[in-house]
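Student: I have a structure here, written as structure tokens, and I will follow up with some questions on it.
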Amino acid sequence: MIEIIVNGEKANIKDELNIRDMIKALDYQQEVFAIALNGTFVAIDAYETTTIKADDNIEILAPIQGG
Amino acid sequence: MTKKIEQDNSWEIGGKRLTSRLLIGSALYPSPANMEDAIKESESQIVTVALRRQAAGENAGNNFWNIIKSLNINVLPNTAGCHSAKEAITIAQMAREVFGTNWIKLEVIGDQYNLQPDPFETVKAAEVLIKEGFEVFPYTTDDLVVAKRLADVGCKILMPWGSPIGSGQGLMNPSNLKAIRKQFPELKLIVDAGIGKPSDATEAMQLGYDGVLLNSAIALAQDPVKMAQAFKYAVESGRLGYEAGVMQEREFASPSTPTVGTPFWHQFK
């Protein structure tokens, strides 16, 4: 297991997961979202080829009201 | 018999032809249903949205997004809350994927007290985003030189504030807004932020601005749906007034009723 930060909170996931597997492991329910890894946007096409490492900082953002 | 003035009131922004010049926010309404009703009543064709963290088990974002999609109008995602060009660029890239649009309301805040935009980081982010194919709607102050820098990096749209976000103070500095309009006749100019009353929106439109973007003024009204209607008419009225050409101000009174034939003229002294 490795420790990562997801949306500002610590989480533990199996080592060597790609982004798609990580989303499943976190049981993330939003249907529409986008991901940034260590402050950099990761396009949906790259989810399976991007591996999560220990101490990675992940932002998963979903639509919300805005002005 | 009066004849209704026939006119094409459509305009173009960001590659889209629209009829409404009111851009509306989707936040702060008493309920999602109220938001939906207010947006419909405003007849706005551009609604602003945002991206935020949501807990793993929550589904609120999907419900909100489904309402917005059902309105079938243009979505303008914002980068609200960003404090650096890097953050804003990342949020813009994420928003493009989620919302399926290259439009981005670029907000980079430089001061937390009055939410004043950071002009240096805003220009830096705008330059990168334009190169990446975004249509940038930059939230800026009414500073003419900052407007020039944004235009220099390729912005076709500028959104100077009327006054700080959510303050409802109206147009703090109309003469600065006027100067920007005069200097950039070719750019699309939207007054964004600070609008409180319908008359503030009318004033902005009378200055020749192409549109007005507001959220709190409608959402925080006692009756947001009725206020949405008020702003729809206020924006239309201001635009018509601008197009019709406002009369020259005069220093002294000038009677509007003809003086020829005035009764009792010189009769009583």
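Student: Write out the chymotrypsin sites (Phe, Trp or Tyr not before Pro) in region B:229-269 meeting two conditions: DSSP loop, and at most 11 other Cβ atoms within 10 Å of their Cβ. Walk me through the intermediate numbers first.
Tutor: Details: sites: B:PHE231, B:TYR233, B:TYR242, B:PHE252, B:PHE264, B:TRP265, B:PHE268; in loops: B:PHE252, B:PHE264, B:TRP265, B:PHE268.
Those that pass, being in a loop and sparsely packed, are B:PHE252, B:PHE264, B:TRP265, B:PHE268.
Student: Can you work out the FRET efficiency for the pair B:LYS131 and B:HIS83, with r the C-beta to C-beta distance and R0 = 30 Å, to the nearest 0.05?
Tutor: Values: r = 22 Å, r/R0 = 0.72.
In this case the efficiency is close to 0.85.
Student: Let me ask something else about it. With all pairs of different alpha carbon atoms counted, what Kirkwood hydrodynamic radius in Å does the protein assembly as shown show? List each step's numbers first, then the result.
Tutor: Numbers: mean 1/r = 0.0459 Å⁻¹.
When all Cα pairs of the protein assembly as shown are included, the Kirkwood radius is 21.8 Å.
Student: Between B:ALA56 and B:LEU144, what is the label-point separation in nm under the 7 Å Cα-to-beta-carbon projection?
Tutor: Spacing of the two 7 Å Cα→Cβ label points: 5.6 nm.
Student: So for chain B, averaging the separation of alpha carbon pairs under 8 Å that are six or more residues apart and normalising by length, what relative contact order in percent results?
Tutor: 17 percent
Student: Hey, another quick one. Using a/c under 1.5 as the rounded threshold, could you call region B:1-154 rounded, prolate or oblate? The axes a ≥ b ≥ c are square roots of the C-alpha gyration tensor eigenvalues, and prolate needs a/b larger than b/c, oblate otherwise.
Tutor: Working: a/c = 1.84, a/b = 1.14, b/c = 1.61.
It comes out oblate by the Cα gyration axes.
Student: What share of the DSSP beta bridges in chain B is antiparallel, in percent to the nearest 5?
Tutor: Values: 5 of 27 bridges.
The antiparallel proportion sits near 20 percent.
Student: Let me ask you something else. Going by Cα centres, region A:24-52 and region B:33-67 are how many Å apart?
Tutor: Centre-to-centre (Cα) distance: 22 Å.
Student: Using alpha-carbon pairs under 8 Å, 6+ residues apart, how would you state the relative contact order of chain A in percent? Before the final figure, lay out each step's value.
Tutor: On the way: 104 pairs, mean separation 28.6, N = 67.
For chain A, the relative contact order is 43 percent.
Student: Magnitude of the Cβ-charge dipole of the protein assembly as shown, K/R +1 and D/E -1, about the Cα centre, nearest 20 debye?
Tutor: Numbers: 32 positive and 42 negative charges, 256 e Å.
The calculation lands at about 1240 debye.
Student: For the protein assembly as shown, give the share of DSSP beta bridges that are antiparallel, in percent and rounded to the nearest 5; count only bridges with both residues there.
Tutor: On the way: 23 of 47 bridges.
If I count the DSSP bridges inside the protein assembly as shown, around 50 percent turn out antiparallel.
Student: What does the C-alpha gyration tensor say about the overall shape of region B:11-97? Classify as rounded when a/c is under 1.5, otherwise prolate if a/b is larger than b/c, or oblate. Intermediate values should be presented prior to the final figure.
Tutor: Numbers: a/c = 2.04, a/b = 1.16, b/c = 1.76.
Oblate.
Student: Exposed loop sites here are trypsin sites (Lys or Arg not before Pro) in DSSP loop states with at most 14 other C-beta atoms within 10 Å. What is the longest stretch of chain A lacking them?
Tutor: Values: sites that count: A:LYS14, A:LYS53.
That would be A:15-52.
Student: For the protein assembly as shown, what is the accessible area per residue in Å², given a 1.4 Å probe and the full set of protein chains? Mind dumping the intermediate values first?
Tutor: Working: 17390 Å² over 336 residues.
Result: 52 Å² of accessible area for each residue.
Student: Further question on the same structure: Taking loop as defined by DSSP and a crowding limit of 16 other beta carbons within 10 Å, which chymotrypsin sites (Phe, Trp or Tyr not before Pro) in chain A fit?
Tutor: Numbers: sites: A:TYR28, A:PHE33, A:PHE41, A:TYR47; in loops: A:TYR28, A:PHE33, A:TYR47.
Within chain A, the qualifying chymotrypsin sites (Phe, Trp or Tyr not before Pro) (loop, at most 16 other Cβ atoms within 10 Å) are A:TYR47.
Student: With labels modelled as points extended 7 Å from the Cα through the Cβ direction, what inter-label distance (nm, one decimal) is found for A:GLU31 paired with A:LYS10?
Tutor: Here the answer is 3.5 nm between the modelled labels.
Student: Leaving ligands, DNA and RNA out of it, report the carbon-plus-sulfur percent of the accessible area of the protein assembly as shown at a 1.4 Å probe. Walk me through the numbers before you get to the answer.
Tutor: Numbers: 8900 of 17390 Å².
Carbon and sulfur: 51 percent of the exposed surface of the protein assembly as shown.
Student: A further question follows. Once you have a ≥ b ≥ c as the square roots of the Cα gyration tensor eigenvalues for region B:98-189, tell me rounded if a/c is under 1.5, and otherwise prolate or oblate according to whether a/b is larger than b/c. Can you show the working numbers first?
Tutor: Values: a/c = 1.74, a/b = 1.26, b/c = 1.38.
Since a/c reaches 1.5 but b/c is at least a/b, the shape of region B:98-189 is classed as oblate.
Student: Then there is this: Suppose each label sits 7 Å from its Cα in the direction of the beta carbon; what would the B:ARG250-A:ILE2 distance come out to in nanometres?
Tutor: In this crude label model, B:ARG250 to A:ILE2 measures out at 7.9 nm.
Student: Here is a further query. Per residue of A:25-35, how many C-beta atoms from partner chains lie within 10 Å of its own C-beta, taken as a mean?
Tutor: Working: counts 0, 1, 2, 5, 8, 11, 5, 11, 8, 10, 2.
Mean number of neighbouring Cβ atoms from other chains: 6.
Student: Check cross-link reach from B:LYS226 to the lysines: straight Cα distance under 23 Å, and skip same-chain residues fewer than eight apart.
Tutor: Here the lysines satisfying the reach criterion relative to B:LYS226 are B:LYS40, B:LYS69, B:LYS197.
Student: With every protein chain in place, what's the accessible area of B:LEU177 (1.4 Å probe, Å², nearest 10)?
Tutor: Here the accessible area works out near 0 Å².
Student: What does DSSP give for chain A in terms of the percent of beta bridges that are antiparallel, rounded to the nearest 5?
Tutor: On the way: 13 of 15 bridges.
Looking only at bridges with both residues in chain A, the antiparallel portion is about 85 percent.
The values are calculated or read from the model by the stated rules, or taken from the named source; none is laboratory data. Keep in mind the model is a prediction, meaning the values are calculated, not measured. In this analysis, Cβ positions are derived from the backbone assuming ideal geometry, glycine residues included, and neighbour counts consider all displayed protein chains. Surface accessibility is based on the protein's heavy atoms, side chains included, excluding ligands, DNA and RNA. Shrake-Rupley method; radii C 1.70, N 1.55, O 1.52, S 1.80 Å.
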